[in-house]
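*Asks:* This structure is in structure tokens; I'll ask about it shortly.
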Amino acid sequence: MMDYRPGTTIYGSTPSWLDCLRRGFCRRCPRCGEGRLFSGYLSVPESCGRCRLAFDPIRADDAPAYFTIFLVGHVVVPGLLMMEQWYAPPTWVQLSIWLPATLILTLGLLPYIKGAVMAAIWSSKATG
Ligand SMILES: [Zn+2]
């Protein structure tokens, strides 16, 4: 009989919090590390295709967006300020660099951070 409790693998052992985080960041199931965590860009399937871990109770809500904004803001704002301080380029140059950078970083990081947040939630047994 498979063990479906949060924080356990299909083999009954408990993956470490760091292993779960790594699996989630790679957008893989936090329990088995093989099933896909997303069926689309950010769409979460009902369960893991490999170990049948139910993903429905793992609700990340707005946390991935907060963490993504936090990280992207700590890259973009210092970059913009340093460029202004060192080169003082025209505003259109700043905007043409930092607006696309913000968009690309945000959309690029969001699925990875959502996967890591979901894995951390599952690993800490904070589901439901
Ligand atoms: Zn799985």
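*Asks:* Restricting to the stretch 44-68, what's the tally of residues that are surrounded by fewer than 15 Cβ atoms within 10 Å (Cβ to Cβ) and closer than 21 Å to L105 by Cβ?
*Replies:* Within the stretch 44-68, residues that are surrounded by fewer than 15 Cβ atoms within 10 Å (Cβ to Cβ) and closer than 21 Å to L105 by Cβ number 2.
*Asks:* Right, another one. Kindly evaluate L80 against the criterion of being in contact (Cβ under 8 Å) with a residue 12 or more places away in the chain and either surrounded by 18 or more Cβ atoms within 10 Å (Cβ to Cβ) or of a type outside the set (V, I, T) (or both).
*Replies:* yes
*Asks:* Do the conditions hold for E34, that is, is it within 16 Å of the ligand (Cβ to nearest atom) and loosely packed, with under 12 Cβ neighbours inside 10 Å?
*Replies:* It is false that E34 is within 16 Å of the ligand (Cβ to nearest atom) and loosely packed, with under 12 Cβ neighbours inside 10 Å.
*Asks:* Report the residue count in the stretch 59-114 for those that are within 25 Å of R27 (Cα to Cα) and of a type in the set (S, T, N, Q).
*Replies:* Total meeting the criteria: 3.
*Asks:* Looking only at helices (runs of 4 or more DSSP H) that fall completely inside the stretch 16-128, which ones have 3 or more residues that are aliphatic (A, V, I, L, M)?
*Replies:* Where helices (runs of 4 or more DSSP H) fall fully within the stretch 16-128 and carry at least 3 residues being aliphatic (A, V, I, L, M), they are 63-86, 91-123.
*Asks:* Restricting the search to the stretch 37-70, which residues are within 14 Å of the ligand (Cβ to nearest atom) and closer than 12 Å to Y112 by Cα?
*Replies:* L37, F38
Each value in this text was obtained by applying a stated rule to the coordinates, not by laboratory testing. Every value quoted in this text rests on a predicted model; they were computed, and no experiment measured them. When we count neighbours, we look across all protein chains shown, and the Cβ atoms used for this are built from the backbone with ideal geometry, even at glycine.
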